[in-house]
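The values are calculated or read from the model by the stated rules, or taken from the named source; none is laboratory data. In this text, all values refer to a predicted model and were calculated from it rather than measured experimentally. Because the Cβ atoms are built from the backbone with ideal geometry, glycine has one as well, and the counts that use them run over all protein chains shown.
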């Protein structure tokens, strides 16, 4: 009887100690979980880039969904879980080919450059199955578009991505900079790992000299490491014959680029100021959907605009349209006693005349003269 009671007491004590141990473990687990989530919340609240990362993830999710909608049957779908947080930051700058509203027909006066880009860049990407045994039938690893500002470099980049049906990463250099040590290198790595997953893909860097300018001993350590990382991955990733990733850069200061960068961009195209015949073609494209007065002489206007870039010509036409709209509004206000009626707005009366274009030209020439442009304003007879 004594042994039975002793055994029963021992079992009860063992059970109580076991329950106490389990209770302690549960308490420790709860405290650890609360501590973990509190620390995670504290770190995210301290991190100044947490909101930007959250927004980038949302934008990346939208863009990846668009790419999935474009993906044909039999091709792998892109999942958000396939990308790490750094790749999602870069994917927020992703542009689907369907979102690009620029085509080759929107670019005038650059037929020679467009033909060369089609044959040397677009054709090897779209028809990569041709000459599979050849090691030379592939697009260049990098393309550089250089020339004065406003001459169509960015338009060419967008049209090339649309023509080749390539995913387009409009890389913002600011996204690669981070206050934490080593984060910039991880973001630079994510650019190429993301492009590799999305291939065929174009990595477009506008004003590339601001990022990959000539290296010097006075460069900051983080900047130098980021440039080195970018160039290493550029050579290492795209050297594979099965990788269709193209780095496309645009600049108006090619002399500031590092020689190592120029070596990685063997296809270089100069986009210079348009000649008179090119300016005529650009004006025709800009005004093709506008109502013009019979007095409009685009050949004369092209002759009067030496040194004008494509963006200058578009701005000139926009000013002329504003002149015509302003005069139209004044006439209505005089007729109706300052009362505007939407029914009186007739598009047929909003016709751009030659006088409107010449007035706009005089205004722009004077503006260029005051800002120290290289050519002087012309005296134009408006009669």
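Taking the range 55-160 as the region of interest, the helices (runs of 4 or more DSSP H) fully inside it that hold 3 or more residues being under 22 Å from the mean Cα position of the chain (by Cα) and at pLDDT 85 or above are 111-117.
Quick check on the range 304-316. Is at least one of its residues over 17 Å from residue 150 (Cβ atoms), at pLDDT 60 or above and in a helix (DSSP H, G or I)? No, the range 304-316 contains no residue that is over 17 Å from residue 150 (Cβ atoms), at pLDDT 60 or above and in a helix (DSSP H, G or I). Criterion applied to 88, 94, 117, 145 was being under 20 Å from residue 308 (Cα atoms) and crowded, with 18+ Cβ neighbours inside 10 Å, and the one residue passing it is 145. Of the residues making up the range 201-213, those that are in contact with a strand residue (DSSP E or B) (Cβ under 7 Å, 6 or more places away or on another chain) and on the phi < 0 side of the Ramachandran plot are 201, 202, 203, 204, 205, 206, 208, 209, 211, 212, 213.
Does the range 307-323 contain at least one residue that is in contact with a helix residue (DSSP H, G or I) (Cβ under 9 Å, 6 or more places away or on another chain), under 30 Å from residue 231 (Cβ atoms) and surrounded by 13 or more Cβ atoms within 10 Å (Cβ to Cβ)? No, the range 307-323 contains no residue that is in contact with a helix residue (DSSP H, G or I) (Cβ under 9 Å, 6 or more places away or on another chain), under 30 Å from residue 231 (Cβ atoms) and surrounded by 13 or more Cβ atoms within 10 Å (Cβ to Cβ).
State whether the residues of the range 348-358 include one that is surrounded by fewer than 14 Cβ atoms within 10 Å (Cβ to Cβ) and at pLDDT below 90. Explain how you work it out, then say what you get.
Quick first cut of the range 348-358, residues surrounded by fewer than 14 Cβ atoms within 10 Å (Cβ to Cβ) only: 348-349.
Those left that are additionally at pLDDT below 90: 348-349.
Looking for residues that are surrounded by fewer than 14 Cβ atoms within 10 Å (Cβ to Cβ) and at pLDDT below 90, one finds at least one in the range 348-358, hence yes.
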